[in-house]
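For reference, the structure discussed in these notes is given below.
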Amino acid sequence: MPIKWILHWQPNPGTTVNSQILSEVSQCAESINGVKEGRWKTTLSFYKSMVREQGIGNDFPRDFVGISLAEQPGKYFLVIRGQRIVVEAESSIQMIMEKLQSYKTRVALNFEGNQYQLGDFQLRVGKVVPMHSETLRGIVMEMEYVPISSWEKSHQIMGEFFDLWKEALLKRSLPGHFVHIEPNFAEYGLPDQYGMQHTAIQYANITAQIVATSHAVQAPRN
Amino acid sequence: MECVVQGIIETKHVEALEILLQGLCGVHRESLRVHELCLKSVPNLGLVSSEVRLLCDLEQPEPTWTVRHIGGAMRGAGAEQISVLVRTMAESKVSKNALRLFYALGYKLDHELLRVGFSFLFQRGAQITVTVSSVNKMLKLHATDEAVPVTPGIQLVEVTSPASSENYNEVVAAVSSFCEYLAPLLHLSKPGVSTGVVPTAAAAAASLMSDGGGTAL
C-alpha cells in the first residue's frame, strides 16, 4: 500500500491548538490546489488494565492502544509502544478483549477531517477530539504518496513535499508547526514495505506526543 | 455463539468414520494440524481470571494465527434438556506476534497442544464442522515436531456450528440430527460429559469398510 507520513501539530510554547488553526491548515491544503475528496476517520482507544488489588505487582502496560482505520473497517490494530509490539487483528478482537475483562477502554480519540488530492499525493487534515466530545485536543495530518510503498525509497520525495507544505503554511504565520516523528519500524519487526501496521504505529506515536504536549501546557496551571 | 458436542473414537475406527463422513457430507476432508496455546491471566490481572486460546494453523504454507475466546455455556432448564452445548465463542484472525502481545499484557502459557487430523465443513440445516483429531502434548516448549499423543489409540471428534441467540434452537436441532447418523460409531455429548466409546463401533466400522459407506446405517 502507498506510504504515508502522519504528522501532528506542535503548538508554540504557551499556545494551544484551536479550530482557527485547523481551518487555516485546511485552507492551505486548498490553496496549493488540493481537491477536496471527502472525509476520513481514525479512532484510537486507550486500554487500561483492570486489577483485583491495587498496588500489588501492577506492572501491566500503560501504553496499550487499539486503533481502527476507516479505510479498513474490518481490521483492528493493537499497539504497545513501550515494548514495540503491533498486532493486526480482525475487528472481532475488540469483543474478545471485552469478554476477557482484563483491560477496558478508558478514553477514545477520533481523528477526522477532510481528504485532499494533489496529483500523486493525498493529504488528510483533521481534528483530534475525544469521542462524544468536541473539545479539540490536537490537529493531525496524513501525507500519502500513492506511487511508492517503500518507506526508504519514498523518503526524499516525502521530505521535499513536506518542505513545500511547510513553506505554504509559513505564509499564514500560525503559532506552531507540523512535526514528523520517524518511528523505527524495524524495532516492531516490520519490513520496509509500507502496510497498515505502519500506520497504526504512527497513530500510537503521535497520540503519545499530543497527550504529552497537552500535559505540558496544563502543568503550569496546576 | 456456537453449538458443540464431542466424543471419542478408537484410532482403528477413524478410517471408517472418515468414509461415513465423506458419504454424509459430500465434501472432501481437509487436513488439520493446529498448534493450540492456552493462556491464562496472571493472578492480579482482570476482575476475574481469564483464559484465551491462540491457534496456529500449521497446514497453511505460511502458518496463520487466530485468537479464540470461549465463554460460558448457556444455562437454565432449557439448556439442560438439550443434548448440545450452546456457548459464547469469539474469534479473530491475528498477525503472528499475538503471543508476544498477550505475554506483554499479563497472560502466561498454561498448556499447549497439537491437534492432528482432518475436518469436514458442510451445510446441513446449519453450517457444521466435524473435526477428528489426535490430541498431542509437547515434551519441550513449542516443540510441535516432538509431540506425543495424550491418549494413544483414541481420537477426539468434535462437531461445532456457529449460532446466534435468534437461531440456536434450529442449529441445535441440526447438530443433534446429524449426530444420530454417527451414533453406531461414536456417541457425541456435551463437552465434559464423557460417554466413552460405543460397543457397536467395531461392527459398524467393519460394515462401512466392506461397502465403502454406500449403505445407510
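The values are calculated or read from the model by the stated rules, or taken from the named source; none is laboratory data. Everything quoted here is computed from the prediction, not taken from an experiment. Don't worry about glycine lacking a Cβ; one is built from the backbone with ideal geometry, like all the others, and counts go over all protein chains shown. Ligands, DNA and RNA are stripped out before the accessible areas are found, and what is left, the full protein with its side chains, is counted by its heavy atoms. Shrake-Rupley method; radii C 1.70, N 1.55, O 1.52, S 1.80 Å.
Structure values in brief
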quantity: Residues located in segment B:40-70, provided they are of a type in the set (V, I, T) and in contact with a strand residue (DSSP E or B) (Cβ under 7 Å, 6 or more places away or on another chain); calculated: B:V42, B:V52, B:T64, B:T66, B:V67, B:I70
quantity: Test: residue in segment A:203-222 that is closer than 22 Å to A:G126 by Cβ and basic (K, R); calculated: no
quantity: Subset tally (residues that are assigned to a strand (DSSP E or B), open to solvent by less than 40 Å² (accessible area, probe 1.4 Å) and farther than 18 Å from B:N167 by Cα) for segment B:72-96; calculated: 2
quantity: Test: residue in segment A:201-215 that is polar (S, T, N, Q), surrounded by fewer than 17 Cβ atoms within 10 Å (Cβ to Cβ) and not in a helix (DSSP H, G or I); calculated: no
quantity: Count of residues meeting criterion [in a loop (DSSP other than H, G, I, E, B), within 18 Å of B:L85 (Cα to Cα), open to solvent by less than 40 Å² (accessible area, probe 1.4 Å) and not hydrophobic (A, V, I, L, M, F, W, C)] in segment B:174-191; calculated: 1
quantity: Yes/no for A:Q27 being under 11 Å from A:L174 (Cα atoms) and out of contact with any Leu (no Cβ under 6 Å at 6 or more places or on another chain); calculated: no
quantity: Hey, A:N58 more than 14 Å from chain B (Cβ to nearest Cβ) and either touching a residue at least 24 places away in the same chain (Cβ under 8 Å) or within 21 Å of B:S41 (Cα to Cα) (or both) or not; calculated: no
quantity: The one condition in (1) without any contact (Cβ under 8 Å) to a residue 40 or more places away in the chain; (2) outside any helix (DSSP H, G or I); (3) within 26 Å of A:T16 (Cβ to Cβ) that A:F178 fails to fulfil; calculated: (1)
quantity: Residue check for B:V171: within 29 Å of B:H69 (Cα to Cα) and in contact with a Pro (Cβ under 8 Å, 6 or more places away or on another chain); calculated: yes
quantity: Matching residues in segment B:61-88 - criterion: being facing chain A (nearest Cβ under 10 Å) and closer than 23 Å to B:V193 by Cα; calculated: B:R68, B:H69, B:I70, B:G71, B:G72, B:T88
quantity: Residues that are in contact (Cβ under 8 Å) with a residue 60 or more places away in the chain and β-branched (V, I, T), drawn from segment B:129-147; calculated: B:V130, B:T131, B:V132, B:T144
quantity: Segment A:68-88: number of residues that are closer than 18 Å to B:E91 by Cα, out of contact with any Gly (no Cβ under 9 Å at 6 or more places or on another chain) and facing another protein chain (nearest Cβ under 9 Å); calculated: 1
quantity: Residue match in segment A:122-138 (condition: part of a strand (DSSP E or B) and within 7 Å of another protein chain (Cβ to nearest Cβ)); calculated: no
quantity: Those residues of segment A:68-102 which are touching a helix residue (DSSP H, G or I) at 6+ places or on another chain (Cβ under 9 Å), surrounded by 15 or more Cβ atoms within 10 Å (Cβ to Cβ) and among the acidic types (D, E), in sequence order; calculated: A:E88
quantity: Subset of segment B:10-42 (residues that are in contact with a helix residue (DSSP H, G or I) (Cβ under 6 Å, 6 or more places away or on another chain) and open to solvent by less than 10 Å² (accessible area, probe 1.4 Å)); calculated: B:A16, B:L39
quantity: Criterion violated by B:R33 - all others in (1) of a type in the set (K, R); (2) touching an Asp or Glu at 6+ places or on another chain (Cβ under 6 Å); (3) within 14 Å of chain A (Cβ to nearest Cβ) satisfied; calculated: (3)
quantity: In segment B:43-57, the residues that are of a type outside the set (D, E, K, R) and either crowded, with 16+ Cβ neighbours inside 10 Å or facing chain A (nearest Cβ under 7 Å) (or both); calculated: B:N44, B:L45, B:G46, B:L47, B:V48, B:S50, B:V52, B:L54, B:L55, B:C56
quantity: Test: residue in segment B:195-204 that is open to solvent by 50 Å² or more (accessible area, probe 1.4 Å), more than 30 Å from B:T88 (Cα to Cα) and hydrophobic (A, V, I, L, M, F, W, C); calculated: yes
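Let's see how each residue does on (1) surrounded by fewer than 20 Cβ atoms within 10 Å (Cβ to Cβ); (2) within 13 Å of the chain's Cα centre (by Cα); (3) facing chain B (nearest Cβ under 10 Å):
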site	(1), (2), (3)
A:K41	yes, yes, no
A:V51	yes, no, yes
A:D63	yes, no, no
A:G66	no, yes, no
A:D120	yes, no, no
A:V146	yes, no, no
